[in-house]
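Here's the structure, in structure tokens; my notes come after.
The values are calculated or read from the model by the stated rules, or taken from the named source; none is laboratory data. Every value quoted in this text rests on a predicted model; they were computed, and no experiment measured them. Quick reminder, even Gly has a Cβ in these numbers, built from the backbone with ideal geometry, and neighbours come from all protein chains shown. All accessible areas refer to the heavy atoms of the entire protein, side chains included, with ligands and DNA or RNA removed. Shrake-Rupley method; radii C 1.70, N 1.55, O 1.52, S 1.80 Å.
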Amino acid sequence: MIGLELTAAFIDAMVLLQQGGPAITGTGVAALAVGLAGFGAGYAERGIGAAAIGALAEDSISFGIALVLTVLPETIVLLTLVTLFLQ
Amino acid sequence: MSTRTNGSGSNYEYVTARVRSRRAKLFDEDDYRKLIRMGPGEIARFMEESEYEEAMNALGARYSGVDLIEHALHRNLANHFDDLLRFAEGRLYDYIARYLRQFDAWNIKTVMRGIYSDAEREAVETDLIRAGEFSERRIERLLGAESIEAVIDVLADTMFGDALADAYGEYEERAVLVPLENAVDRAFYETLITGLPDEPSRATQLYIDFLEAEIDFRNIENALRLSRSGADVDPAEYYIGGGRLFDEEELGALVANTDELVSRLRESTYGDDLDAALSELESAEGLSGVERALNRALLEYSRTLSNRYPLSVCPVFAYVLAKMREVDNVRAIARGKEAGLDPETIEEELVMV
């Protein structure tokens with residue numbers, strides 16, 4: 001199924017290229033930006049989350065602070081959502 | 001506790017977060033000042049209200065007085081270091097496990113000294129720290145050993161086996177423990193750095209850097225001791241390989257000339273950290289002040305490294321060093337109080353950073 005869709009998408013892109021259009025649309029690029037930012041945020045949260053749990057287990061910070069610190073990189077994903085409106 | 005080398009990623013973030021908050025809970029200068037002014041009973045109560053609560057309660061029925069404090073300190077230390085191994089994964093586990101084998105070395109030396117001086121089994125048992133790789137059974141067998149030869153037999157299948165067997169001849173000849181103790185130390189320090197990847201990654205390089213610094217400090221301590229005592233001992237006998245600062249021949253030459261040794265140390269990478277220790281050396285009569293200053297310098301250097309490289313093995317080792325120092329300090333206070341020393345004398349014996 002997925003293979004079929006990918007092929008269809010690829011053919012679409014090829015058709016667009018042959019017609020002199022861009023290889024990827026503005027919405028597509030914006031979606032890519034959001035996706036990559038999500039990926040980066042996930043990677044950052046991995047480390048911060050591990051450290052926050054460690055500190056939480058030692059009772060040296062409160063749960064609220066641990067939560068805020070862990071989701072802090074999520075802001076970058078929110079910022080990239082701007083690209084969806086600016087395209 | 002065997003070293004796993006095929007582990008995938010290390011969890012530095014988790015382990016350093018835990019270690020850092022544990023380090024923040026160690027006794028600070030104010031606590032020590034309070035402890036110095038207490039009697040042994042009050043020290044025990046103070047410890048019951050701190051980190052050591054669990055160990056104090058568990059051992060309270062079996063021991064009392066300063067013995068209780070000492071047992072609780074050792075048990076708490078062993079628990080903390082076992083925790084480190086429980087937390088760590090991958091390469092980090094491997095580094096910590098290698099480093100904690102120093103307690104195996106410590107235990108072997110303690111048992112051998114006990115046999116050598118005909119000490120009671122209980123007295124030896126108090127001084128053991130069960131944080132290393134040896135199982136309870138092996139430690140029981142070590143404690144049960146009647147002679148040095150039996151100790152070496154018990155250790156035959158460990159990494160200390162060969163080195164001890166080699167040194168045994170010399171022990172028989174001269175009837176002193178020094179060759180055996182040196183063999184244990186060397187076996188420990190040599191396995192610390194061997195078997196690492198040929199092209200070290202950044203993390204491995206930091207591990208090596210930390211240990212090289214520690215080996216350098218050990219060599220400096222030995223060199224200063226030998227040079228001060230003026231004893232006619234071959235410095236090579238005490239030399240530990242793997243440090244950055246000296247090689248074997250150089251150390252031999254420097255021991256004979258204290259001034260040159262001091263100026264060489266001032267110019268080294270550790271010059272700033274060692275400043276206090278070296279001024280102490282020039283002014284002080286005895287060596288104990290210098291050794292404390294050296295210990296303080298090592299602690300400070302380890303703290304610098306752990307602040308400079310937060311996601312590495314350095315904070316973990318810095319914590320291990322700081323915790324061991326705390327145990328030594330509290331024991332010094334308790335034993336000093338028991339012996340009736342005045343607060344000023346005890347305070348001089350402490351290493352605080």
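For the stretch B:39-48, backbone phi angles converted through the Karplus equation (6.51, -1.76, 1.60; θ = phi - 60°) give residue-by-residue couplings of x, x, x, 5, 4, 4, 5, 4, 5, 5 Hz, Gly and Pro being listed as x.
Heavy-atom accessible area buried between chains A and B is around 700 Å² (1.4 Å probe, both sides summed).
GNM on chain B, alpha-carbon springs under 10 angstrom: the most fluctuating residue among B:LEU180, B:LEU341, B:LEU206 is B:LEU341.
Rounded to the nearest 500, the helix-only mean residue ellipticity at 222 nm of the protein assembly as shown stands at -23500 deg cm²/dmol, with each DSSP H run of n ≥ 4 adding -39,500 (n - 2.57).
The mean number of partner chain beta-carbon atoms within 10 angstrom of a residue's beta-carbon across peptide A:59-67 is 1.
Remark: mean inter-chain Cβ contacts per residue of B:267-280 equal 0, using a 10 Å Cβ-Cβ cutoff to other protein chain atoms.
Solvent-free Debye calculation, one equal scatterer per alpha-carbon of the stretch B:40-149: log10 I(q)/I(0) at 0.15, 0.18, 0.23 Å⁻¹ equals -0.73, -0.96, -1.20.
Take the Kirkwood radius over Cα pairs of the protein assembly as shown, plug it into Stokes-Einstein at 25 °C and 0.890 mPa s, and you get 97 µm²/s for translational diffusion.
Partner lysines whose Cα lies under 19 Å from the Cα of B:LYS337, excluding those fewer than 8 positions away in the same chain, are identified as B:LYS34.
Calculated FRET efficiency, B:ARG266 to B:SER288, Cβ-Cβ distance, R0 = 35 Å: about 0.95 to the nearest 0.05.
Plainly put, the stretch B:196-312 has a radius of gyration that is 1.00 times its Kirkwood radius, both from alpha-carbon atoms, as the Rg/Rh ratio. Each of A:GLU5 and B:ALA256 was given a label point 7 Å from its Cα along the Cα-to-Cβ line. The distance between the two points is 8.2 nm. Counting only other chain Cβ atoms within 10 Å of each residue's Cβ, the peptide A:41-50 averages 2. Between the stretch B:203-222 and the stretch B:170-197, the C-alpha centres lie 17 angstrom from each other.
Distances between placed amide hydrogens fall under 5 Å for B:GLU133 paired with B:ASP104, all partners being 5 or more residues away or on another chain. With Cβ to Cβ distances under 13 Å as the rule, what net charge do the other residues near B:SER312 carry (K, R +1; D, E -1)? The answer is +2. Counting only Cβ charges, +1 for Lys and Arg and -1 for Asp and Glu, the dipole size of chain B around its Cα centre is about 1440 debye.
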